[in-house]
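The values are calculated or read from the model by the stated rules, or taken from the named source; none is laboratory data. Source: prediction; values computed, not measured. Glycine gets a Cβ as well: all are built from the backbone with ideal geometry, and neighbour counts include every protein chain shown. In case anyone asks, the SASA skips ligands and DNA or RNA and just uses the protein heavy atoms, side chains included. Shrake-Rupley method; radii C 1.70, N 1.55, O 1.52, S 1.80 Å.
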Amino acid sequence: MHSPRIAVSGLHRGENPQPGASIVRSLRRRFPNAFIVGLVYDALESGIYAEDGPDVVYPMPYPTSGATAFLQRLDSILEKSPVDYLIPTLDAEIELLVHLEEALTERGLRTYLPDKEMLSHRAKNHLPELAKTCGVAVPDTRPVYDIAEALAVAAECGYPLMVKGQYYDAKMVSTEQALFAAVFKLFSEWGAPAILQRCVRGPEFNALGLGDGEGGIVGLCTIRKTIISNQGKGLGGITVLDPRLDEFCTRLIRALRWRGPFEIEAMLDEARGEYVLIEINPRFPAWVDFPSMLGINFPAALVQMMDVDRKPAPLPRCAPGHFYVRHQVEVAGHIEQLAALSTSADFEALDMARSLEGAAPSAPTPFPIEMGDDGASPSNGSARRHAH
Amino acid sequence: MSTPLSDLMLNDRGFVFDPASGETFQLNPTGLRIVRLLQSGLSHDAALTQMVSEFEVDEHTAQRDFSDFLENAVRLGWRIE
Amino acid sequence: MNRLPYIRPNIQRLQAGPVNPFRLGSSPSCVEIDGVPVAELARNYGSPLFVFSEKALREKYREAHRAFSRRYPDVQFAWSYKTNYLNAICRVFHQEGSIAEVVSGFEYEKARRNGVDGSKIIFNGPHKERADLERAVNERAMIQVDNIDELLTLASIVRDRTEPVSIALRVHLQTGTHTVWSKFGFNGDDGEVLQIIRRITTLHNLRLQGLHCHVGTFILDPENYRVAARRLVELAIEAEKIGAGQIRYLNLGGGFASHARLHYQYLPPEQTTPSLDRYAEAICETIIGLWPAGRDLPRLYLETGRALVDDAGYLISSVVAVKKRHLPSQMQTAMAAYGKSAAVMPQGNSRHALVLDAGINLLYTTAWYQPKILPARPCLDTPEPTTVFGCLCMNIDVIREDAPLPSLTTGDQVVLHPVGAYNITQSMQFITYRPAVVMIDSERKVHVIRRRENLDYVQELEAIPEHLATRTAVSRPEPHILAVA
Ligand SMILES: Cc1ncc(COP(=O)(O)O)c(C=O)c1O
């Protein structure tokens, strides 16, 4: 446990931040000797280049390419960088991984994920049924499979409307044209259906937690969003403690018998004066390192839960009144790092020299980026961390 | 505005950086070979002949792909003499 | 000197979009089908070529039959002719124990000639000619009545017979599918069916024996069948209360998904297509759970088409031209069909494209599904989004907008899969001949089950009016006609 080897995905912290980079930071707080393997989908994911980022990075096939492609790639990675724990952070990825529990176990990889049924019961297109079974309110939420259906829902619910992808992305639209464009884009990127949701007025709340798979919650942290970006992302939040919100979360997690990390997005509907369910994400939110800074480290608890025989003591609650604001910074990289990550697999069989001919003498690359066939070893990784 | 082939920075894996425009590119092995041959000063015809002798490809296919490739390179902002 | 393997030279711009050579996985290939090399099949039988695996057909049928018969005492499959009525295919299913499900006089006659007894034919569909109905009545086929006109025609046919004729009613239901196939049958949710059943009790010589519902096709959620089965049982109980007698069979139709992939389907079929066991569980559990105690369970009919035949069918085709396709940037995401930004143009505004020797006239189902397109030789280079055009002189002849493919060249063969359902029955002869169809048997022996078309076959039904019969040469237009123009 002193130097766990942990693979984490979703390292981008741009406008629409992914949770991976925050998870890596939290893990490093608890396990300074952890060896972190970054699984990335784009060479420009910012977390790759962060100072406290992963030790080694591998590009992965998109989940839409399916299990075979995913496992093939994973195997070639494991040969070079053995991993004990896997923390996926992207909805589409989790959607694929819940089908692969056996395959992952065979490879000695531990995960702590929901099963297919849990995942599907909380899917955005099944929210109304879920809300009904636990007696929580939900704004009108409808899956649409084509533009005609979308227009029909819009005619009924009126504008503005939220338009969401199955696994990612949400946009508020106020006109027919915007609806058309948004639905079509989401179909292309995330497949059908897209989900339309009636807009709710009121403050937004988020709950971060870990479900134990038996209906219980191992830890919960609730915040009110204090700064909201144009895209609806929380750029700031403050911890709150409201028994009604706790009860709301408890009911949902009990009904789902949720296993693993979750984020519940809720709003306090001004019209109804009660909390309404916006969505449940099957992963930690991007602000997961905030409670870790307060000493309540959810990613570290998750790693403990992945150790079959170790169930952690329940995590304490974050006291109300702590807040975070998102602070965006630049991270620096060099073209050689990009070169390593973007070189296509055609070359795996060829002998290669890493340096770019003609490149102006540059600062030595601070760490090697592994692209799949050679390069970084665990010791390189530690060396790099110690260098900082 | 276009960048002469000689100014492009590239490595043996076909990664290309155009220091003038700041753009990056990826060549596949055959593409890389063509760029290397042209950089070494061969004429188009000579480069094509060389490709056919090095790779398992018939002349018809090689020719089609060769001119496609160059056309693409020009569109992407490289100057091919 | 040993020459190196050739890959089409390529430059990819690493900009505006994910830079990740692994994003589309590696390039799988399909070198042989059931142990027979694809190259050999194309050499011996021509390209394009439809190929069916007899082994796959039989294994799938057995899997489906096992899934249901393990859970239910009285199950009968009926081969849905429209899904693929090549006689060899039908006979494989009949040999396995399937009866026939037909939707026209033509299909009925086909089933009879395949040796199926009239009483082993389920006669379905919205259009049944009076003569076909008469024959079906005489041969004791299982008629599934679609509409009131058909019911009244039947009533007039059976009026003077000495014994009653049994029929079933087709019903459409709200089962949670996103569209209800309300074109067919009677509404089972608003009382229309019960009204019709009451009417049947007043008609002479007609006995209601069964209820039928085909909820739709490619149903990815087995829960839809749970709802359909529950509603059919409820209707059966009400029918008996009304005085229609005991319902002897429930026909749950077809609709189970194959391993095809819909457009806009994010995860591949391996993760999304439910197992046949899950469908069987939804249907059988529901009927057994709700059927009144002490009553014989009704016989369960299934008209599964697609799920039995789709995965057993392949189309071999050859690359006849390599192209580039220029697309305006606003079309780029619009053309993506498999996930986030996977289809960002790597070559600026152009995309690789291929022309195959087969067109959408052979692949009607590509309007809804994206077949896998696999090179028939192993390829080392990474796949790139590639538009695959068919060979027709029509701009809409696009087989796939963006198949992930390694670089291919003319003469390369590819294998499209799965294509066994509906493509052959819905194909049309256009511009050129339709290809041969072969079936590989369990001993890897290849049998032609439909020959390639030829000019005589295509022209067989044509007739030339006498005044056009003599002049065969192209004549010159008269000068004065030109003057008019
Ligand atoms: C009445 C009926 N039964 C069975 C089928 C076969 O359906 P599938 O191929 O989806 O199993 C159809 C197809 O449209 C049908 O209309």
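For segment C:220-249, a residue qualifies if it is open to solvent by less than 10 Å² (accessible area, probe 1.4 Å) and within 16 Å of the ligand (Cβ to nearest atom), and the qualifying residues are C:P222, C:Y225, C:A228, C:A229, C:L232.
Please verify whether segment A:52-59 includes one or more residues that are part of a helix (DSSP H, G or I) and farther than 26 Å from A:L100 by Cα. Spell out the reasoning first.
Initially, segment A:52-59 is screened for residues part of a helix (DSSP H, G or I), giving none.
No, the conditions are met nowhere in segment A:52-59.
On the given criteria, is B:D7 within 14 Å of chain A (Cβ to nearest Cβ), surrounded by 15 or more Cβ atoms within 10 Å (Cβ to Cβ), out of contact with any helix residue (DSSP H, G or I) (no Cβ under 6 Å at 6 or more places or on another chain) and not hydroxyl-bearing (S, T, Y)? No.
Please enumerate the residues belonging to segment A:243-284 that are part of a helix (DSSP H, G or I), of a type in the set (A, V, I, L, M, F, W, C) and over 18 Å from A:A301 (Cβ atoms). Show your work before the answer.
Here is the first cut: in segment A:243-284, the ones part of a helix (DSSP H, G or I) are A:243-256.
Then keep just the ones that are of a type in the set (A, V, I, L, M, F, W, C); that gives A:245, A:248-249, A:252-253, A:255-256.
Answer for segment A:243-284, where residues must be part of a helix (DSSP H, G or I), of a type in the set (A, V, I, L, M, F, W, C) and over 18 Å from A:A301 (Cβ atoms): A:L245, A:F248, A:L252, A:A255, A:L256.
With respect to being open to solvent by less than 30 Å² (accessible area, probe 1.4 Å) and either away from chain A (no Cβ under 14 Å) or part of a loop (DSSP other than H, G, I, E, B) (or both), C:L297 falls outside the description.
Here segment C:394-428 is the region considered, the condition is being of a type in the set (V, I, T) and within 16 Å of the ligand (Cβ to nearest atom), and the residue that is surrounded by the fewest Cβ atoms within 10 Å (Cβ to Cβ) is C:T425.
Note on segment C:132-175: residues that are away from the ligand (no atom under 14 Å from the Cβ), in contact with a helix residue (DSSP H, G or I) (Cβ under 7 Å, 6 or more places away or on another chain) and assigned to a strand (DSSP E or B) amount to 2. The C-beta contact set for segment C:74-93 (first residue under 21 Å from C:T365 (Cα atoms) and away from the ligand (no atom under 14 Å from the Cβ), second residue part of a strand (DSSP E or B) and open to solvent by less than 10 Å² (accessible area, probe 1.4 Å), distance under 7 angstrom, 6+ apart or interchain) comprises C:L86/C:V437.
Can you find a residue that is open to solvent by 60 Å² or more (accessible area, probe 1.4 Å), over 19 Å from A:N16 (Cβ atoms) and among the basic types (K, R) anywhere in segment A:221-230? Checking segment A:221-230: at least one residue is open to solvent by 60 Å² or more (accessible area, probe 1.4 Å), over 19 Å from A:N16 (Cβ atoms) and among the basic types (K, R). When each of A:L96, A:L113 is tested for being open to solvent by less than 50 Å² (accessible area, probe 1.4 Å), within 22 Å of A:Y62 (Cβ to Cβ) and more than 14 Å from chain C (Cβ to nearest Cβ), the lone residue that passes is A:L113. The single condition among (1) more than 16 Å from the ligand (Cβ to nearest atom); (2) more than 14 Å from chain A (Cβ to nearest Cβ) that C:P268 does not meet is (2). Name the residue, out of C:N138, C:N124, that is polar (S, T, N, Q), buried (at least 19 other Cβ atoms within 10 Å of the Cβ) and either modelled with pLDDT of 95 or more or touching a His at 6+ places or on another chain (Cβ under 6 Å) (or both). After applying the criteria, what remains is C:N124. Could you list, in sequence order, the residues of segment A:166-178 that are outside any loop (DSSP other than H, G, I, E, B) and more than 26 Å from the chain's Cα centre (by Cα)? A:E176, A:Q177, A:A178 - these are the residues of segment A:166-178 that are outside any loop (DSSP other than H, G, I, E, B) and more than 26 Å from the chain's Cα centre (by Cα).
Restricting attention to segment C:96-110, does a residue exist that is buried (at least 18 other Cβ atoms within 10 Å of the Cβ), of a type in the set (F, W, Y) and away from the ligand (no atom under 12 Å from the Cβ)? Yes, segment C:96-110 contains at least one residue that is buried (at least 18 other Cβ atoms within 10 Å of the Cβ), of a type in the set (F, W, Y) and away from the ligand (no atom under 12 Å from the Cβ).
Answer with yes or no whether A:G47 is more than 14 Å from chain C (Cβ to nearest Cβ), open to solvent by less than 40 Å² (accessible area, probe 1.4 Å) and assigned to a helix (DSSP H, G or I). Give the steps one after another, and end with the answer.
Numbers: more than 14 Å from chain C (Cβ to nearest Cβ): yes; open to solvent by less than 40 Å² (accessible area, probe 1.4 Å): yes; assigned to a helix (DSSP H, G or I): yes.
For A:G47, the condition - more than 14 Å from chain C (Cβ to nearest Cβ), open to solvent by less than 40 Å² (accessible area, probe 1.4 Å) and assigned to a helix (DSSP H, G or I) - is met.
In segment C:176-275, counting only helices (runs of 4 or more DSSP H) that sit wholly within it, the ones holding 3 or more residues that are free of Cβ contacts under 8 Å to residues at least 60 places away in the same chain and among the charged types (D, E, K, R) span C:192-202, C:223-242.
Only residues that are closer than 19 Å to C:D412 by Cβ and at pLDDT 95 or above were counted in segment C:378-396, giving 4. Tell me which residues, restricted to segment C:174-193, are open to solvent by less than 60 Å² (accessible area, probe 1.4 Å) and more than 22 Å from the chain's Cα centre (by Cα). Those that are open to solvent by less than 60 Å² (accessible area, probe 1.4 Å) and more than 22 Å from the chain's Cα centre (by Cα): C:F186, C:N187, C:G188, C:G191, C:V193. Among the residues in segment A:17-38, are any within 11 Å of chain C (Cβ to nearest Cβ) and within 16 Å of the chain's Cα centre (by Cα)? The answer is no; no qualifying residue exists.
Which of the residues belonging to segment A:69-92 are touching a Lys or Arg at 6+ places or on another chain (Cβ under 9 Å) and part of a helix (DSSP H, G or I)? Write out each step before concluding.
Residues of segment A:69-92 touching a Lys or Arg at 6+ places or on another chain (Cβ under 9 Å): A:71, A:74-75, A:78, A:81-92.
Correct list: A:L71, A:L74, A:D75, A:L78, A:D91, A:A92.
Summed over segment C:7-49, the residues that are more than 14 Å from chain A (Cβ to nearest Cβ) and either of a type in the set (A, V, I, L, M, F, W, C) or assigned to a strand (DSSP E or B) (or both) give a count of 10. Looking only at segment A:172-227, residues that are within 26 Å of A:T111 (Cα to Cα), away from chain C (no Cβ under 14 Å) and of a type outside the set (A, V, I, L, M) come to 11 in all.
Inspection of segment C:59-72 identifies no residue that is under 24 Å from C:T410 (Cβ atoms), at pLDDT 90 or above and either in a loop (DSSP other than H, G, I, E, B) or more than 14 Å from every other protein chain (Cβ to nearest Cβ) (or both).
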